[in-house]
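**Q** My questions all concern the structure below.
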Amino acid sequence: MADYDLIVIGGGPGGYVAAIRAAQLGMNVACVEMRGALGGTCLNVGCIPSKALLSSSHKFEEARDHFAAIGIKASVSLDLKTMLAGKDKIVSDLTKGIEFLFKKNKVTYVQGKGAIKSATEVMVNGKDVLKTKRILIATGSDVMRLPGVEIDEKKIVSSTGALNLDPVPGHLVVVGGGVIGLELGSVWKRLGAKVTVVEFLDKIGGPMDAEVSKQFQRLLEKQGVAFKLGMKVTGADAKGKGVALTMEPAKGGAAEKLEADVVLVSIGRRPYTEGLGLDKVGVKLDERGRIPVNHQFETNVKGIYAIGDVIPGPMLAHKAEEDGVVAVETMLGQKPHIDYNLVPSVIYTWPEVASVGKNEEELKTAGVNYKAGKFPFVANSRGKSVGETDGFVKILADAKTDRVLGCHIIGPDAGTLIHEACLVMEYGGSSEDLARTCHAHPTLNEAVKEAALAVLGRAVHV
Ligand code: FAD
Ligand code: NAI
């Protein structure tokens, strides 16, 4: 007799949402989590603490640098301990909230490390064996290491250490100009550090639309962030007071040195499957250590499923959540679906950067005939009235059918605005659908409407 209908291993956004949805659908569910707190990377050391610091550092910078211009006199100083403690309180409130949701939905929370013994057995902490009808792996991801640059979480930190620096470093060198590097680099720049980002590619933001990436870099440079593009870090010497980094041009050339007080290594994340016992039960991994799954999120072993950061696809919390819901609903015969092309991505710097669907480079490569409509925030009356005029909205639509294929926003609240495009794309809508939707005035959303009008060649306010 099985103890459970489903055992979920990992209590991050993928695992805990899947567990709750399965319980809502009538399954008897347990979730095994080894961290000592629910919520995974996202709530404990990822999305939530980083967004808390991005928000408080943004407010600090606003008060210090921008209040005087709008007629507010204030004397501003940093109380870093209180700022960090505030972030910790937000994290602990939210993780306890998930425990409450588990109780409410009658999900059994098992604290400990789970290992798969067979397709119907999970061992916890090497002793207790729980029997189950199905297993869902949601063990997430971990920091990618850089050979020669050993993380000690003091002078050479991962994103986890970068959430707790005290004092503010004199010079923070960020290795990797992707999402983590730009978000956490922004936090410490605002709080007073000199920040240099060393990036392997010749653009920041990875797969970001090239025009957005260029503007993003310009705006971050205006804020004082320095960039060394096309450079790869090859080693670090942390024996002295600070860290001496060695780097060389990605295309080859003479090595350079760079002195830092603290180095943040943010060159990506890797799937986490250590100690799960996958080899023993025959679950296959791909060349990047991810667990391949079919459309039902089932691995090559019947009855063992996987979702979230540990499988291929964008490493994002909302994608992990959707995976979890689709996986458990499918187990019960429902027919949900998730389209990874419609998973939005947001960088929570200021201005924010958000995108969904294809960018211009991808459409060109695929030979798609498209039209682009662009609208700048400087011409948006709400942007102007709140002093947020940097950036633009760009909508890409099929030249023949007008179906929206992508949307790229750099600007105030881009992460909120992008969902207009997500919704219209989810319904297979056109730029005309967006343009003909009545938008309240004055709102930042009117920039989205105007970009849609621009696709049709009839923007009003430019
Ligand atoms: P995880 O959240 O990694 O959870 C997996 C859990 O499984 C962990 O708690 C782990 O302890 C547990 N576990 C692993 N192995 C076992 C085992 N054998 N037994 C028991 N438990 C186990 N994404 C966004 O969408 N928006 C953001 O703003 C954002 N910001 C981020 C900021 C930072 C600094 C970082 C590092 C990441 C950020 N992410 C963000 C990414 C996001 O955190 C991940 O995509 C998301 O957490 C993945 O969810 P998951 O459930 O797949 O895995
Ligand atoms: P990333 O993949 O976004 O960026 C890593 C960058 O490091 C790339 O631009 C890469 O070219 C560069 N790089 C690799 N090796 C290098 C080297 N030796 N020297 C210099 N540069 C090098 O990875 P990141 O920022 O670590 O984030 C990991 C994951 O976490 C991402 O997949 C992201 O989806 C997720 N995340 C999401 C957030 C959000 O949604 N707002 C916030 C933070 C993380």
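**Q** About its Cα centre, how strong a charge dipole does the chain have in debye, to the nearest 20, once Lys and Arg get +1 and Asp and Glu get -1 at the Cβ?
**A** Computed charge dipole of the chain: roughly 360 debye.
**Q** Using Cα centres only, tell me the gap between the range 142-211 and the range 348-407 in whole Å.
**A** Cα centroid to Cα centroid, the span is 27 Å.
**Q** Run through the DSSP bridge list for the range 156-267 and note the antiparallel percent, rounded to the nearest 5.
**A** Within the range 156-267, antiparallel bridges account for around 40 percent of the total.
**Q** While we're here: At most 16 other Cβ atoms within 10 Å and a DSSP loop assignment: could you name the trypsin sites (Lys or Arg not before Pro) in the range 394-462 that fit? Let's see the in-between values first.
**A** Values: sites: 394, 400, 403, 436, 449, 458; in loops: 400, 436, 458.
Answer by residue number: 400, 436, 458.
**Q** Are there any chymotrypsin sites (Phe, Trp or Tyr not before Pro) in the range 1-100 that are in a DSSP loop and have at most 16 other Cβ atoms within 10 Å? List them by number.
**A** 67
**Q** Estimate the FRET efficiency between residue 65 and residue 401 by the formula 1/(1 + (r/R0)^6), using the beta-carbon distance for r and 51 Å for R0, to the nearest 0.05.
**A** The value I calculate is 0.65.
**Q** Take the cross-link list 194/241; 59/371; 104/131 and give me the ones stretching past 26 Å between alpha-carbons.
**A** 59/371
**Q** What Cys residues in the chain have no fellow cysteine's beta-carbon under 4.7 angstrom?
**A** 31, 407, 422, 438, each lacking another Cys Cβ under 4.7 Å.
**Q** Only bridges whose two residues both fall in the chain count here: according to DSSP, what percent of them are antiparallel, nearest 5?
**A** Approximately 60 percent, going by the DSSP bridge assignments.
**Q** Which one, 110, 26, 49, is farthest towards the positive end of the dipole of the chain when Lys and Arg carry +1 and Asp and Glu -1 on their Cβ?
**A** 110
**Q** Provide the FRET efficiency to the nearest 0.05 for the residue 246-residue 340 pair, computing r from the beta carbons and using R0 = 56 Å.
**A** 0.90
**Q** Along the Cα→Cβ direction, 7 angstrom out, place labels at residue 79 and residue 288. What is the inter-label distance in nm?
**A** In this crude label model, residue 79 to residue 288 measures out at 4.4 nm.
**Q** Run the numbers for residue 200 and residue 24: contour at 0.36 nm per residue of separation, minus the present Cα-Cα distance, in nm.
**A** 58.8 nm
**Q** Also: In the chain, if the dipole is taken from +1 on Lys/Arg beta carbons and -1 on Asp/Glu beta carbons about the Cα centre, which of 213, 163, 419 is farthest to the positive end?
**A** Projecting each Cα onto the dipole axis, the largest value belongs to 163.
**Q** Which number do you get for Rg(Cα) / (2.2 N^0.38 Å) in the range 1-139?
**A** Working: Rg = 20.4 Å, N = 139, 2.2 N^0.38 = 14.3 Å.
Normalised Rg, Cα atoms only: 1.43.
**Q** Classify the range 156-267: rounded, prolate or oblate, from the alpha-carbon gyration tensor (a ≥ b ≥ c, eigenvalue square roots; a/c under 1.5 rounded; otherwise prolate if a/b is larger than b/c)?
**A** Since a/c reaches 1.5 but b/c is at least a/b, the shape of the range 156-267 is classed as oblate.
**Q** Provide the gained length on full extension for the span residue 254 to residue 302, in nm with one decimal, where the gain is 0.36 nm per separating residue minus the Cα-Cα distance.
**A** 12.0 nm
**Q** What are the trypsin sites (Lys or Arg not before Pro) within the range 1-108 that DSSP puts in a loop, where the Cβ has at most 12 other Cβ atoms within 10 Å?
**A** Taking the range 1-108 and a limit of 12 other Cβ atoms within 10 Å, the loop trypsin sites (Lys or Arg not before Pro) found are 73, 106.
**Q** Between their Cα atoms, which of 87/189; 155/280; 87/239; 51/222; 51/358; 87/155 are more than 29 Å away from each other?
**A** Working: 87/189 18 Å; 155/280 38 Å; 87/239 31 Å; 51/222 22 Å; 51/358 26 Å; 87/155 21 Å.
In this structure, 155/280; 87/239 lie more than 29 Å apart at Cα.
**Q** Would you calculate a helix-derived [θ] at 222 nm for the chain, using -39,500 (n - 2.57) for each DSSP H run of n ≥ 4 and dividing by the full residue count, to the nearest 500?
**A** For the chain, the value works out to -9500 deg cm²/dmol.
**Q** How fast does the chain diffuse by Stokes-Einstein, in µm²/s, taking the Kirkwood radius from C-alpha pairs at 25 °C and 0.890 mPa s?
**A** Details: Rh = 23.8 Å.
Estimated diffusion coefficient is 103 µm²/s.
**Q** Please give the contour-minus-distance gain from residue 416 to residue 443: 0.36 nm per residue of separation, less the Cα-Cα distance, rounded to one decimal in nm. Could the numbers behind the result be given before it?
**A** Details: separation 27, 0.36 × 27 = 9.72 nm, distance 1.20 nm.
Between residue 416 and residue 443, full extension yields an extra 8.5 nm.
**Q** If you don't mind, there's one more thing I want to ask. Once the Cβ-Cβ distance between residue 365 and residue 150 is put in as r, and R0 is 25 Å, what FRET efficiency do you end up with, to the nearest 0.05? Don't skip to the answer; put the middle values down first.
**A** Working: r = 38 Å, r/R0 = 1.52.
Taking R0 as 25 Å, the efficiency between residue 365 and residue 150 is 0.05.
**Q** Still on this structure: To make sure I understand, if each residue's beta carbon is the centre and we count other beta carbons within 10 Å, what order do 332, 219 fall in, fewest to most? Don't skip to the end; give the middle numbers.
**A** Values: 332 12, 219 18.
Listed from fewest to most nearby Cβ atoms, that is 332, 219.
Rule-based calculations on the coordinates, nothing more; no lab input. Remember, it's a predicted structure, so these values are computed and weren't measured experimentally. No Cβ is skipped: glycine too gets one built from the backbone with ideal geometry, and neighbour counts run over all protein chains shown.
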